[in-house]
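The values are calculated or read from the model by the stated rules, or taken from the named source; none is laboratory data. Predicted, not measured: the structure shown is a model, and the values here were computed from it. Counting neighbours? That spans all protein chains shown, and the Cβs are built from the backbone with ideal geometry, glycine included.
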Amino acid sequence: MNTFLSLFSDNIKSVYTSYDRVILRGYLLWMFAPGNIINFLKSKGFKKYTNGVMRIFTDQLNAHIEQYASKLNVPIIWWPSVNDKKNKKGKKRKKSKKENNKKKDSKLEYVLKTFGKKIKKRKGNFVICIIADMESAFTYATRQILKSDGIPFDMMYSCRKFVKHYYIYFYDELLGGPCYLKIDTYFPFPVEFYFNGHNAIQVELDNLGFKYRKDGNAFTMIPDSKAVNKIAWSLTGMQVFKRIKYWMSRFFRFSKGKYSTCPKEFCHEWYCHQIEICTNIIFKSSVFCTKLFERLIDKFIRIGSPDSLSQIFGKRRKRKDSKSTWRLYDNKACLKNWFKTNSIKFYNKLGYYLRIETTINDPKSLGLKKPLINLREYLTFGDKSNRRMMESFSDVDIKTISNGETDKLNESYEKANGQKVSAVDLRKKRQIALFKELLKPQYLTFGFQTSILLANLSEFFQNIGQIRYELQKLRVHGLIEKKKNKSFYMVTRKGYEIIWLKISSNLYFENPMLAAILNNSETQVVSQPTKLEDAYKQIDEALSTITQELCIKKAA
């Protein structure tokens, strides 16, 4: 059991680790040399190796995808027309400032918004839609040059240019959906496959008949976290490869008119490109989770140091290998730490669960192998990194984390009948005077009546109604209570503790410390201060040190 999980076990509902975003890439490795492509074209009977000859394969691949989409009655959406709408004359219309500033939806977000209902209704293997887009890619081209003897020669060279790509979105019987298969339609025909590990878990939970709730790409209510972990760890690279092979055999083909085929030389080798491993910690109370996350943010300066990151990733520290960044995730803090191009981040997602996520972009720097068959090793490594991050949080004192009870005093209270009671406000002198009066020993045994309070606090209250208004704020929060069939009030045990802390904080901490900060620093200081005055000075110096350190971190 992890120390962090043991410490907060009473506040945690469930914990599980799984794949999140997984991006795999397939390559025809032998095609990364112009000579091999020339030999391939020779074997297919071509005598020339021009751009037009290579374009034949591109046209055949386009034709097959369009024919297969028509057969399945699946739309092919031209992506530039989605984000850059044209006017009736066919020209791009001018966008307003709001439209220019608005962030464009990703392709995946568009598919979820447009075809979300279709995905929920159907099961099994089915294609959702196909999106076509122009993107920059590595490819080959030829140009004619003259030899020394004047004979023309077609020279093939590598370059980057904008070519057509297909994003084929589908629902898979094992991996759920939406997944996508991205196909580059030009030589050397690289492909990309995407799936989300949470969707794969959802498919298996549905097959087993488990009831669950999924919010924000996480399972926030599950019958057994062990079952979810077992499902997540059961997914292997070989299973994923079989699903990729299934979809590749349907879309990566070349039309010959009445039929489509795929050359035997076009057998892609698959590698891990970007793997996200997340550990989700779902708490019983959203207030406790939020307060805990605020405390963890304070520890970010230490955790973001190079030495700490090297320990979390289990690697030796090297110069300029790590860095830390701050950013907002859905208007909430997301703390991200980089080790080379790999990263680990944690954030409070939706307010009631914490997510720690390791993203592996450079497996070699972490001692991992890139072939897809080693996919399980990524889950093992990511889980260890996440748990090391949790270990660094385990020195937080659970007793000092608020469960939200103290915040209620600063908020208005609504009764069952809909009547609202204002919050306690210690900025008012009469509220402070009332608190001091209630702490007097004379009320400890026999309690107090409003008439007695009015007599003692006549300087602050003009009538009994004003006193009852202030007492009602304390009564709804359980700080005072009125005995049944009695005409007097009593301060509860909880009330004595909270009122005393509020008064002490205001009199002995807030006011002296604010005065020390706001008053001129050149004011004469006593030569022989009492222990209390000396303590104020030490607190003031400590606050100055903390402020300087935080400013340095912010500037960095």
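Could you check segment 178-222 and list, in sequence order, the residues that are touching a strand residue (DSSP E or B) at 6+ places or on another chain (Cβ under 6 Å) and on the phi > 0 side of the Ramachandran plot?
Residue satisfying the conditions is GLY216 alone.
Restricting attention to segment 247-270, which residues are within 25 Å of LEU174 (Cα to Cα) and of a type in the set (Asp, Glu)?
Selection gives GLU269 alone.
Taking the condition of being over 13 Å from VAL22 (Cβ atoms) and within 24 Å of the chain's Cα centre (by Cα), how many residues in segment 369-381 meet it?
Count: 3.
For segment 1-11, how many residues are touching a helix residue (DSSP H, G or I) at 6+ places or on another chain (Cβ under 7 Å) and farther than 18 Å from SER392 by Cα?
Qualifying residue count, segment 1-11: 1.
Filtering segment 173-204 down to residues that are assigned to a strand (DSSP E or B) and hydroxyl-bearing (Ser, Thr, Tyr), which residue is nearest to PHE241 (Cα to Cα)?
Looking only at segment 173-204, we keep the residues that are assigned to a strand (DSSP E or B), and these are 176-184, 191-196.
Narrowing further to those that are hydroxyl-bearing (Ser, Thr, Tyr): 180, 194.
Working: TYR180: 14, TYR194: 12 Å.
Within segment 173-204, the match that is nearest to PHE241 (Cα to Cα) is TYR194.
Within segment 154-168, work out how many residues are without any contact (Cβ under 8 Å) to a residue 40 or more places away in the chain, of a type outside the set (A, V, I, L, M) and surrounded by 11 or more Cβ atoms within 10 Å (Cβ to Cβ).
Counting residues in segment 154-168 that are without any contact (Cβ under 8 Å) to a residue 40 or more places away in the chain, of a type outside the set (A, V, I, L, M) and surrounded by 11 or more Cβ atoms within 10 Å (Cβ to Cβ) gives 3.
Could we say that ASP172 is of a type in the set (Asp, Glu), in the same structural domain as HIS64 (by TED's automatic domain parsing) and within 20 Å of TRP270 (Cα to Cα) here? Outline the logic, then answer.
Values: of a type in the set (Asp, Glu): yes; in the same structural domain as HIS64 (by TED's automatic domain parsing): yes; within 20 Å of TRP270 (Cα to Cα): yes.
Taking the combined requirement at face value, the residue satisfies it.
Being surrounded by 15 or more Cβ atoms within 10 Å (Cβ to Cβ) and closer than 15 Å to GLU481 by Cβ is the filter here, so list the residues in segment 497-506 that pass it.
Passing the criteria: ILE498, ILE499.
Could you run through segment 314-358 and say how many residues are at pLDDT 80 or above and of a type outside the set (A, V, I, L, M, F, W, C)?
The total comes to 15.
Step by step: first the residues of segment 3-34, then only those that are small (Gly, Ala, Ser) and in a strand (DSSP E or B), then the one that is nearest to GLU357 (Cα to Cα). Which residue is that?
So the first thing to find is which residues in segment 3-34 are small (Gly, Ala, Ser), and the list is 6, 9, 14, 18, 26, 33.
Add one more test, that the residue is in a strand (DSSP E or B), and what stays is 14, 18, 26.
Details: SER14: 17, SER18: 10, GLY26: 25 Å.
Only one residue fits best here, namely SER18.
So how many residues does segment 427-466 have that are of a type in the set (A, V, I, L, M, F, W, C), over 49 Å from the mean Cα position of the chain (by Cα) and modelled with pLDDT of 85 or more? Let's see the steps before the verdict.
First, the residues of segment 427-466 that are of a type in the set (A, V, I, L, M, F, W, C): 432-435, 438-439, 444, 446, 448, 452-455, 457, 460-461, 464.
Now drop any that are not over 49 Å from the mean Cα position of the chain (by Cα), which leaves 444, 446, 448, 452-455, 457, 460-461, 464.
Next cut, modelled with pLDDT of 85 or more only: 448, 452-455, 457, 460-461, 464.
So the count comes out to 9.
Within the group ASN36, ASN51, ASN11, ASN62, which residue is closer than 30 Å to LYS384 by Cβ and of a type in the set (S, T, N, Q)? Walk me through how you get there before you give the answer.
On the way: ASN36 fails: closer than 30 Å to LYS384 by Cβ; ASN51 fails: closer than 30 Å to LYS384 by Cβ; ASN62 fails: closer than 30 Å to LYS384 by Cβ.
The conditions single out ASN11.
What is the one condition in (1) over 23 Å from ASN374 (Cβ atoms); (2) in contact (Cβ under 8 Å) with a residue 24 or more places away in the chain; (3) not assigned by TED's automatic domain parsing to the domain that holds LYS384 that ARG243 does not satisfy?
ARG243 satisfies every listed condition except (1).
Report, by residue number, each residue of segment 233-285 that is aliphatic (A, V, I, L, M) and surrounded by fewer than 18 Cβ atoms within 10 Å (Cβ to Cβ).
Selection gives MET238 alone.
How many of the residues in segment 199-216 are within 24 Å of LEU372 (Cβ to Cβ) and either assigned by TED's automatic domain parsing to the domain that holds GLU109 or in contact with a Leu (Cβ under 8 Å, 6 or more places away or on another chain) (or both)?
3
Checking the structure you have, find out if any residue of segment 222-239 is at pLDDT 95 or above, assigned to a loop (DSSP other than H, G, I, E, B), more than 25 Å from the chain's Cα centre (by Cα) and farther than 22 Å from LEU350 by Cβ.
There is no residue in segment 222-239 that is at pLDDT 95 or above, assigned to a loop (DSSP other than H, G, I, E, B), more than 25 Å from the chain's Cα centre (by Cα) and farther than 22 Å from LEU350 by Cβ.
Can you give me the number of residues within segment 391-417 that are modelled with pLDDT of 75 or more, of a type in the set (Ser, Thr, Tyr) and either exposed (fewer than 12 other Cβ atoms within 10 Å of the Cβ) or over 24 Å from the mean Cα position of the chain (by Cα) (or both)?
Number satisfying all stated conditions: 2.
Answer with yes or no whether GLY45 is on the phi > 0 side of the Ramachandran plot and either small (Gly, Ala, Ser) or surrounded by fewer than 13 Cβ atoms within 10 Å (Cβ to Cβ) (or both).
So GLY45 fits the description; yes.
ASN196 versus (1) closer than 21 Å to SER14 by Cα; (2) at pLDDT 95 or above; (3) touching a Leu at 6+ places or on another chain (Cβ under 6 Å): which is the lone unmet condition?
With respect to (1) closer than 21 Å to SER14 by Cα; (2) at pLDDT 95 or above; (3) touching a Leu at 6+ places or on another chain (Cβ under 6 Å), ASN196 is out only on (3).
Here are some residues: SER225, SER136, SER148. Which one is among the small types (Gly, Ala, Ser) and without any contact (Cβ under 8 Å) to a residue 24 or more places away in the chain? Let's see the steps before the verdict.
On the way: SER225 fails: without any contact (Cβ under 8 Å) to a residue 24 or more places away in the chain; SER136 fails: without any contact (Cβ under 8 Å) to a residue 24 or more places away in the chain.
SER148 is the lone residue from the list that is among the small types (Gly, Ala, Ser) and without any contact (Cβ under 8 Å) to a residue 24 or more places away in the chain.
Residue-wise test of (1) among the aliphatic types (A, V, I, L, M); (2) within 26 Å of ALA132 (Cα to Cα).
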| residue | (1), (2) |
| --- | --- |
| SER148 | no, no |
| GLY176 | no, yes |
| THR185 | no, yes |
| PRO190 | no, yes |
| PHE195 | no, yes |
| LEU208 | yes, no |
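Can you name the helices (runs of 4 or more DSSP H) wholly within segment 35-119 that have at least 2 residues being farther than 24 Å from PHE189 by Cβ and modelled with pLDDT of 85 or more? Reasoning before the result, please.
Values: elements: 51-72, 79-83, 97-101.
Those helices (runs of 4 or more DSSP H) span 79-83.
If you go through segment 468-507 one residue at a time, how many are more than 19 Å from ALA416 (Cβ to Cβ), among the polar types (S, T, N, Q) and at pLDDT 85 or above?
Looking only at that region, the number is 1.
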